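Below is one structure, written out as structure tokens; the observations come after it.
Every number here is computed from the coordinates shown, using simple stated rules; none is lab data. Treat the numbers as computed from the prediction; the structure is a model and nothing was measured. Here Cβ is always computed from backbone atoms with ideal geometry, including for glycine, and neighbour counts include all displayed protein chains.
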Amino acid sequence: MKKRIFIGSSSEQLTILNEIVDLLGDDVECIPWTDAFALNKSGLDSLIKQTRLADYSILIATKDDLTKQRGESLTKPRDNVVFEFGLFLGAAGPEKCYLIAEEDTDLPTDLDGITVAKFTRNSGQYNSLDKIVESIRTHLVKIAEMSQLGLLPSTALAIGYYNSFIKRVCEEIHGSECVELEGKKIKVKSFRVDVVIPETLDDNGVGNFTTLYNKRYGLSKATTCTNPALLGTRGFPFHFKVDPPDANQESPVDIHLLDIPSTLSTIVESLKLYLPSNQVGQDFDMDYLEMRELENFAKVLKYLIGRNAATKGYVNVLTNVKL
């Protein structure tokens with residue numbers, strides 16, 4: 001999935017903006033400010049919407065306005081560029097919002113002590129525009145491999161799902177070496193777990209997908225074995241199949257567990273609150289946010305799985321799964 005980058009500038013610097021779009025290339029989806037403002041909406045409403053949709057932002061501060069401050073003549077960036085930088089910085093944080101400033105542009109004193117990428121219009125220099133953009137591209141690749149807590153829930157959902165279900169299931173099967181099917185214990189020789197992430201979510205979250213998926217692949221419902229020493233406890237439920245299907249279940253068997261995280265349904269409800277709509281029909285912005293959250297959920301989950309011996313090598317995450 002291509003990441004979205006909002007790019008803002010003054011109207012006089014569209015040439016530089018278009019040059020940055022070309023330098024970033026086709027690996028990302030650039031949203032110039034000229035494409036960001038919706039009809040019959042205020043400029044502020046449109047910008048706030050972009051802070052929610054864009055993964056990153058680049059604001060271009062150039063010497064657009066000559067001002068006098070305490071008797072001194074200064075060249076300053078356009079006010080709207082400074083405002084938009086603050087807006088996106090507050091929404092996404094400093095790791096995802098970049099200010100690139102033309103050399104000798106007078107910036108707000110709030111940025112004193114902050115390393116700002118300053119570019120020259122002269123090609124071939126160490127800080128020419130192409131080199132500045134390349135450094136941003138490198139940084140984007142680096143942070144794309146990490147996940148962050150944000151306004152949307154996927155990171156927290158993945159952490160909760162892993163700690164309260166995936167890790168616990170693996171630990172219990174490692175310890176008991178069995179699962180329970182209709183009250184009968186099945187000895188487990190080896191196991192693997194596939195976490196199934198649907199390609200898309202419907203209005204019911206993953207409820208309908210889970211029912212149809214389990215039916216299509218003939219999965220049986222079982223639980224981890226309960227500990228009789230702990231009164232009131234019950235096993236963790238999951239769906240599974242025996243590999244091979246005709247194995248003698250009186251002897252230890254290889255089992256294949258599959259789970260579709262029901263917690264993903266929370267994403268649907270969160271998006272409705274985060275980006276409300278009063279229209280009927282496909283909403284491409286909502287679709288993009290949904291894909292971004294599913295991708296981030298899978299990324300966080302893979303990271304957690306790889307850090308624990310009970311899950312590493314036993315759990316796989318399958319993404320973009322279709323029925």
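Structure values in brief
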quantity: Environment charge of V133, counting only residues whose C-beta is closer than 12 Å and scoring Lys/Arg +1, Asp/Glu -1; calculated: -2
quantity: Table column - 3J(HN,Hα) (Hz), the stretch 200-215, Karplus curve with 6.51, -1.76, 1.60, x for Gly and Pro; calculated: 9, 10, 9, 4, 9, x, 10, x, 5, 4, 4, 4, 5, 5, 5, 5
quantity: Dipole of the chain, positive end: most advanced residue of Y161, S220, Y303 [Cβ charges, Cα centre]; calculated: S220
quantity: Volume of the Cα convex hull of the stretch 270-322, divided per residue and given in Å³; calculated: 89
quantity: Globularity index of the stretch 27-100, i.e. its alpha-carbon radius of gyration over 2.2 N^0.38 Å; calculated: 1.25
quantity: Two-site FRET efficiency, H174 against F37, from Cβ-Cβ distance with R₀ of 56 Å, rounded to 0.05; calculated: 0.50
quantity: DSSP beta bridges in the stretch 3-145 [antiparallel fraction, %, rounded to 5]; calculated: 20
quantity: Long-range HN-HN contacts of S128 with modeled amide H, under 5 Å; calculated: T120
quantity: Two-decimal log10 I(q)/I(0) for the chain, as the Debye equation yields it once each C-alpha is a single scatterer, q = 0.12, 0.14 Å⁻¹; calculated: -0.89, -1.07
quantity: Fraction of antiparallel bridges per DSSP, the chain only, in percent to nearest 5; calculated: 40
quantity: ³J(HN,Hα) computed for each position of the stretch 61-73 - Karplus, 6.51 cos²θ - 1.76 cosθ + 1.60, integer Hz, glycine/proline x; calculated: 9, 10, 7, 9, 10, 9, 10, 10, 10, 6, x, 10, 7
quantity: Under-5 Å amide H pairs with S190, H placed in peptide plane, nonlocal only; calculated: V253, D254, I255
quantity: Reciprocal of mean inverse Cα separation for the stretch 153-321 (Kirkwood radius, Å); calculated: 17.2
quantity: Nonlocal amide H pairs with I7, under 5 Å, H built at 1.01 Å; calculated: I31, W33, I58
quantity: Derived scalar couplings ³J(HN,Hα) [the stretch 119-133; Karplus, 6.51 cos²θ - 1.76 cosθ + 1.60; whole Hz; x for Gly, Pro]; calculated: 10, 10, 7, 7, 6, x, 7, 4, 10, 5, 4, 5, 6, 5, 5
quantity: The stretch 3-145: C-alpha gyration tensor shape, a/c 1.5 cut-off, then a/b vs b/c; calculated: oblate
